[in-house]
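Enquirer: The structure is given below, and queries will be raised subsequently.
The values are calculated or read from the model by the stated rules, or taken from the named source; none is laboratory data. Remember, predicted model here, so these are calculated numbers, not experimental data. Glycine gets a Cβ as well: all are built from the backbone with ideal geometry, and neighbour counts include every protein chain shown.
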Amino acid sequence: MFIGDCFVIPTIELKAGKRLAKSVPRALPANSRKCPPDSDVEAIGPRPNKDPGRRGRFAKSNISRKSILHEETSTMYRNLKQVAVLALGLGLAFSAAAKDSYPSQTVKLVVPYSAGGGTDGVARILAKELRDVLNQSVIVENKPGAGATIGHDYVARSKPDGYTLIVSANTLAVFDQMYKGLNFDPATAFTPIADIANSPMVLVGGGKGPHNNLREVMESNKSKNDPLHYGTAGVGTPMHLAGELLAFRTGAKFEHVPYKGSGPALADVLAGHIPFGIFGLSSTLSHIRDGNLKAFGVFEAERSSLDPDILTMSEAGVADAAAPLIYTILAPAGTPQAVVDKLNTALKTVINSESIKPLFAAQGFVPQYGTPEQVTKTFNEEAARWKTILDATQIKFQ
C-alpha cells in the first residue's frame, strides 16, 4: 500500500498472534519526502530452499522498492485496460440488446391536449400505423391542461426507456418565455425522436367583410387608427403567437381576443361578431371554399398543399411572417440511443408512406419527417427567433 509517497506492507495478524512481517515502518508525515530504506521494507515470498528446516517460513527479500512499484503499476494498467475493454464490450452488447428487444411492452403516446382535437386525431392515426411497424401495442393517453405543460411535465418525469413519448410541437421552444414556474427545462428535459407533421395556420375574415386581401386590411387599420381584433383558441396558443408576429412585422395595431377553443372563436368570425381570426387551415377550408370566410394568407414560407390557392404572408405583402407549426415526437432525456434509432426508423417509415397523406390531411396536417438533429436545430432557431419577438412586444401570457 502507499502512505504518502511510500510503498509499505501493513502488519497482518495471523493465528497465535504471529505477524506476517517482522517490522513495518511507520508512515512518515505528509510533508516528508523521505521513505524508509529498501532493506526495511518487508516482502512476501518464500526463502530460497537452502535450509529445509525453515521451509515454508517468510523472511526478508532482496526485492527493491522500485521493482515492487514497477510491478504494481504495470499490473494496475493491465487491469485498467482489461476493464475498459470489458466495459466497451458490455456497452455495445447492452445497446444491441436494447435495440433488438425494444419494444417488449405497450408504448404510450401522450397528447397534451383534450381528446377530439386535431393533434389527438393525428396521434391516433400514428399509433395505429406504428403498431404495425413496431409489432407492438401503441396507445394514446390525453393529459391536457395549462397550455400543454401538464403533459410535457408528465413525460419529462417518466422513465427514459422509450415506452412513454409525447406529441409535441416547435412551440415548446418558447415555453420558458411564456410560462413561469415550469417544473422542467424545455431545452434539456427531452430526447428528440423525429418531426412528424406540420399544420398550416391562416388569417381569415368574415365572408361579408369589406376587405378582399391583406393589403386592404392593413390600409384600413392605418386610416382608422383602430386595432384589428382577431380571435384565437386562447392565450399562448400557436395562433396567438402568429398574430403577435404579424403585428410585429407590420407595425399595425392588433387586439387579441382569446376564446376557450377554436370552435367558439370560429363561430364568432362566421357570425360577424369579430372581424378576424387565426386558425388551423383544416378547420376553415370548407368555409373558405363556400365563401363564408376570406383567407388573407397562410403563415408558411410556401403555399400549403391543403389549398395551394391561398397566398403566403410574404406573397400577401408581409415579409418574414412565416410561423410554421411543426409537430414532433419526443422522449424523456436519457433515452438509450438504440431505442431512439429504432423509433426514428419506424416513424420515418410511417411518415414517408403514401397512405398517411390523406389520413393526416383529413385532420389538417401535412406529413413532414425530420431527424433528431433537425428537431434540435428547429428548436434552437425557434427559441432565438421568438425571444427577440417576445422581448420586443412584451406579450403577457398569464
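Enquirer: Which of the residues spanning region 162-171 are under 14 Å from the mean Cα position of the chain (by Cα), at pLDDT 95 or above and either on the phi < 0 side of the Ramachandran plot or among the acidic types (Asp, Glu) (or both)?
Expert: Passing the criteria: 164, 165, 166, 167, 168.
Enquirer: Would it be correct to say that residue 154 is surrounded by 15 or more Cβ atoms within 10 Å (Cβ to Cβ), outside the structural domain of residue 373 (by TED's automatic domain parsing) and either assigned to a strand (DSSP E or B) or at pLDDT 90 or above (or both)?
Expert: Taking the combined requirement at face value, the residue does not satisfy it.
Enquirer: Another question, if that's okay. Restricted to region 319-351, and to residues that are outside any helix (DSSP H, G or I) and not hydrophobic (A, V, I, L, M, F, W, C), which residue is nearest to residue 306 (Cα to Cα)?
Expert: 324
Enquirer: When only residues in region 210-269 that are among the basic types (Lys, Arg) and closer than 24 Å to residue 314 by Cβ count, which is farthest from the chain's Cα centre (by Cα)?
Expert: 222
Enquirer: Separate question: Please go through region 238-267 and give me each residue that is among the β-branched types (Val, Ile, Thr) and free of Cβ contacts under 8 Å to residues at least 40 places away in the same chain, ordered by number. Before the answer, list the steps.
Expert: Step one: filter region 238-267 for residues among the β-branched types (Val, Ile, Thr), giving 250, 257.
Residue satisfying the conditions is 257 alone.
Enquirer: Here is a further query. Only helices (runs of 4 or more DSSP H) wholly contained in region 165-273 count here; list those with 1 or more residues that are touching a Pro at 6+ places or on another chain (Cβ under 7 Å) and in the same structural domain as residue 153 (by TED's automatic domain parsing).
Expert: Helices (runs of 4 or more DSSP H) meeting the threshold: 175-178.
Enquirer: State which residue is surrounded by the fewest Cβ atoms within 10 Å (Cβ to Cβ) when the search covers only region 276-286 and only residues that are out of contact with any Ser or Thr (no Cβ under 6 Å at 6 or more places or on another chain) and at pLDDT 95 or above.
Expert: Looking at residues that are out of contact with any Ser or Thr (no Cβ under 6 Å at 6 or more places or on another chain) and at pLDDT 95 or above, I get 276.
Enquirer: Quickly run through region 129-151 and pick out the residues that are polar (S, T, N, Q) and not in a helix (DSSP H, G or I).
Expert: The answer is 135, 136, 137, 142.
Enquirer: Within the group 354, 315, which residue is part of a helix (DSSP H, G or I), among the acidic types (Asp, Glu), surrounded by fewer than 21 Cβ atoms within 10 Å (Cβ to Cβ) and out of contact with any Cys (no Cβ under 6 Å at 6 or more places or on another chain)? Can you show your working first?
Expert: Values: 354 fails: part of a helix (DSSP H, G or I).
The unique qualifying residue is 315.
Enquirer: Name the single residue that is farthest from residue 125 (Cα to Cα) among those in region 322-347 being among the small types (Gly, Ala, Ser) and at pLDDT below 95.
Expert: The initial filter retains those residues of region 322-347 that are among the small types (Gly, Ala, Ser), namely 322-323, 331, 333-334, 338, 346.
Okay, now just the ones that are also at pLDDT below 95, so 322-323.
Numbers: 322: 27, 323: 25 Å.
In this case the residue turns out to be 322.
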